1. Any chance region 53-65 includes a residue that's part of a helix (DSSP H, G or I), over 30 Å from E134 (Cα atoms) and of a type outside the set (G, A, S)?
2. Would you mention how many residues in region 65-117 are over 30 Å from V143 (Cα atoms), small (G, A, S) and open to solvent by less than 60 Å² (accessible area, probe 1.4 Å)?
3. Scan region 44-73 residue by residue and report those that are over 14 Å from M147 (Cβ atoms) and of a type in the set (S, T, Y).
4. Note down all Cβ pairs under 9 Å where the first residue falls in region 145-158 and is in contact (Cβ under 8 Å) with a residue 60 or more places away in the chain, the second is assigned to a helix (DSSP H, G or I) and of a type in the set (S, T, Y), and they're at least six residues apart or on different chains.
5. Within region 24-47, is even one residue farther than 27 Å from R136 by Cβ and touching a residue at least 40 places away in the same chain (Cβ under 8 Å)?
6. In region 1-60, how many residues are under 30 Å from A154 (Cα atoms) and among the basic types (K, R)?
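The values are calculated or read from the model by the stated rules, or taken from the named source; none is laboratory data. Quick caveat, the model's predicted, so the values are computed rather than measured. A quick note on method: Cβ atoms are made from the backbone with ideal geometry, for glycine too, and the neighbour counts reach across all protein chains shown. For the accessible areas, the whole protein counts, side chains as well, though only heavy atoms, and no ligand, DNA or RNA atoms are used. Shrake-Rupley method; radii C 1.70, N 1.55, O 1.52, S 1.80 Å.
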Amino acid sequence: LANEVQMGRQAQVEERRRLAVEHAEREKKINATISALRAEDSARIDERDAALKAAREAHSRALFEQMSSREHDRLASLEERRHERAQLNARWEQENAIDAANQREEALRQRQVHADLLRSNAERQLESLAALEEERACDARLVENAMEEERIHANRWRRSRR
């Protein structure tokens, strides 16, 4: 009877060892699966982060190029207007010199015409400068909106990472 009890105990110990080994193997498999899933998630997150970073950089470059292009266009337009004004002013100076040789009444009439043209030119210049300022303000709002969208996007991204 003592031998049977001893054998029963030994069988129980062996069964516990076998169950412990099976449990350890199951735990290893589960841990390996969890590690693999975490690695896949990490890789997906890294890919998404890289794609988002590339998209942000491309968007920033596009905005910068757009702003540079607009600024270049504005400067070219301004330079063209300055050149036109310089030509007009030179022409008006020549006409004024010719008019000084004419009769006084005709000279006065011509001077009045030129004064009106100069006023008109100054008004156009003021309108042009006001239009340029409006364009700059519009560009500033575009940049501000883009930066706000970028901030919102970054906040969403950070929240999604949590």
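1. There is at least one residue in region 53-65 that is part of a helix (DSSP H, G or I), over 30 Å from E134 (Cα atoms) and of a type outside the set (G, A, S).
2. At the first step, the residues of region 65-117 found to be over 30 Å from V143 (Cα atoms) are 83-117.
Going one step further and asking which of them are small (G, A, S), we end up with 86, 90, 97, 100-101, 107, 115.
With the extra rule that they be open to solvent by less than 60 Å² (accessible area, probe 1.4 Å), the set shrinks to 86, 90, 107, 115.
Result for region 65-117: 4.
3. Scanning region 44-73 gives S68, S69.
4. Taking only residues 6 or more apart or on different chains, the pairs are A146/S60; E150/S60.
5. yes
6. Number satisfying all stated conditions: 5.
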